[in-house]
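Below is one structure, written out as structure tokens; comments come after it.
The values are calculated or read from the model by the stated rules, or taken from the named source; none is laboratory data. Note that the coordinates shown come from a computational prediction; the quantities given were computed from them, not determined experimentally. Here the Cβ is made from the backbone with ideal geometry for all residues, glycine too, and neighbour counts use every protein chain on show.
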Amino acid sequence: MTRQLAAHLRDPSQHPAPEGIEDRRLRIYRRLFIGNVRSLLEGNFPVAAKILGEHEFATLVRRFYSEHASHTPYFPEIAREMLRFIEENPDCWAERWPYLYELMHYEWVELALGISSEEIDQVEHRREGDLLGEVPVVSPLAWRLAYHYPVEQLSVDYTPSEAPPEPTFLVVWRDREDKVRFLKLNPLSAQLIANLAEQPGHSGKDQLLALAQATGAPDPEAFVQAGLGMLEDWRSRDIILGVA
């Protein structure tokens, strides 16, 4: 009976209600369950919900609710399940809202970082130190993101039908005050922070000189000095925690 009731609440049009439960109670259950899920997801994806509008977002949530088999019983993970559903079912959004998955991923990142159990204090580092001569330590709570669409600009008034020619690079992170922040990057700074995170063990100067060589910078030393300013700015924001 429990499984039959759960199936009915997920999709009343396809699964009849169990016998012995009055319809008045079932109506209350149906409104309560879908209403709670929709309210939660509106809070998790506020920009996407506004762009789609109340009816279209409710329709999308209803389809998720009735079709998706979640992989977790935890309430905070429902947003991740919704994102998984969107990724696996482009037929319900890609033609009308081609940016929707990237936008919802960007909104989910803020939630994921906010509830992450990782802590800056768990990472061995010295906050002060020589970012050129020593090895910079990138925060594990700094996520590097790349999108086709400018997700940080999307709104009810700005919904491009095609992706711009240049991708959008962002770093989203949780700082020492547990606030989630974001910073837009250019391709060069995106490559630098990727190198720092993915190729640890090299000094800041070595990382910058390697990037200068890879990009054909005419004056490597000037490139290093400009890069130092960027590293110091990232340290002040807690994107870089310090040095190893």
Could you list, in sequence order, the residues of the range 65-90 that are over 20 Å from Ala112 (Cα atoms) and at pLDDT 75 or above? Tyr65, Ser66, Glu67, Asn89, Pro90
Of all residues in the range 121-137 being closer than 13 Å to His202 by Cα and under 30 Å from the mean Cα position of the chain (by Cα), which is surrounded by the most Cβ atoms within 10 Å (Cβ to Cβ)? Pro136
Looking only at the range 192-203, decide whether some residue is in a helix (DSSP H, G or I) and of a type in the set (Val, Ile, Thr). yes
Can you tell me which residue within the range 169-179, out of those that are among the aliphatic types (A, V, I, L, M) and closer than 15 Å to Leu241 by Cα, is surrounded by the most Cβ atoms within 10 Å (Cβ to Cβ)? Val171
Filter the range 205-244 down to the residues that are farther than 15 Å from Val135 by Cα and either among the acidic types (Asp, Glu) or part of a strand (DSSP E or B) (or both) and list them by number. Asp219, Glu221, Asp233, Asp238
Residues of the range 83-110 being among the aliphatic types (A, V, I, L, M), surrounded by 18 or more Cβ atoms within 10 Å (Cβ to Cβ) and touching a helix residue (DSSP H, G or I) at 6+ places or on another chain (Cβ under 8 Å), which ones? Leu83, Ile86, Leu100, Leu103, Met104
Looking at Val61 and the list (1) without any contact (Cβ under 8 Å) to a residue 60 or more places away in the chain; (2) closer than 28 Å to Leu241 by Cβ; (3) among the hydrophobic types (A, V, I, L, M, F, W, C), which single condition is not satisfied? (2)
Flagged in the range 142-186 as under 12 Å from the mean Cα position of the chain (by Cα), of a type in the set (A, V, I, L, M) and outside any strand (DSSP E or B), in numbering order, are Val151
Would a scan of the range 94-109 turn up a residue that is modelled with pLDDT of 90 or more and over 21 Å from Pro150 (Cα atoms)? no
Picked from the range 99-123 (must be touching a strand residue (DSSP E or B) at 6+ places or on another chain (Cβ under 8 Å) and outside any helix (DSSP H, G or I)), the residue farthest from Gly43 (Cα to Cα) is Val123
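Every residue, every condition in (1) touching a Pro at 6+ places or on another chain (Cβ under 8 Å); (2) of a type in the set (Phe, Trp, Tyr); (3) free of Cβ contacts under 8 Å to residues at least 40 places away in the same chain, yes or no:
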site	(1), (2), (3)
Asp91	no, no, yes
Glu95	no, no, yes
Leu100	no, no, no
Val109	no, no, no
Glu118	yes, no, yes
Leu132	no, no, no
